[in-house]
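Below: one structure, written as structure tokens.
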Amino acid sequence: MTKARVLLRFEEWPQVDQSAWQALFREGDILDGRGAGAHWAEATRQTNLKQYAKWLGWLKANGLLDEEAPCPADCVTPEHVQAYARHVLDSVAPKTADSAIRGLKVVIKARQI
């Protein structure tokens, strides 16, 4: 797998990922579908957006991003996450790697609610 570090701009994300990201911040209450990330501070949103954009960039650079997948979670397989984690650990300092992997986990978990 490639060592490329590519941050995919939001406009380049597959439409299903863009829609899922925006749904995280839908306002409302528990009865009318408030998004799981609606309570995130702006700094948290930006950090998590950056971490998810790196994940998508890595998927694309490695030919693993299915832009036609009906669900963003389709690319989240144990094999892909393990390979991505190895890539991150090989690319940056341990604390930075930890932050990147945690940020990805937070976004994936929030989108599955």
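The values are calculated or read from the model by the stated rules, or taken from the named source; none is laboratory data. Only a predicted model underlies this, so the values are computations on that prediction, with no experimental measurement involved. No Cβ is skipped: glycine too gets one built from the backbone with ideal geometry, and neighbour counts run over all protein chains shown. Protein only, heavy atoms only, side chains kept; ligands, DNA and RNA dropped before computing areas. Shrake-Rupley method; radii C 1.70, N 1.55, O 1.52, S 1.80 Å.
Here is how the numbers come out for the structure above:
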read-out	value
Nitroxide proxy distance, nm - points 7 Å out along Cα→Cβ at Ala69 and Ile108	0.9
Mean residue ellipticity (222 nm) of the chain, computed from DSSP H runs ≥ 4 via -39,500 (n - 2.57), nearest 500	-17500 deg cm²/dmol
Among Ala100, Ala53, Ala20: highest mean-square fluctuation, GNM of the chain, C-alpha pairs under 10 Å	Ala20
Under 14 Å between alpha carbons - lysine pairs in the chain that sit 8 or more apart or on different chains	4
Nitroxide proxy distance, nm - points 7 Å out along Cα→Cβ at Gln22 and Val92	2.7
Surface share of carbon and sulfur [accessible, 1.4 angstrom probe, percent] for the chain	54
Surface accessible to a 1.4 Å probe, per residue, for the residues of segment 1-62, Å²	58
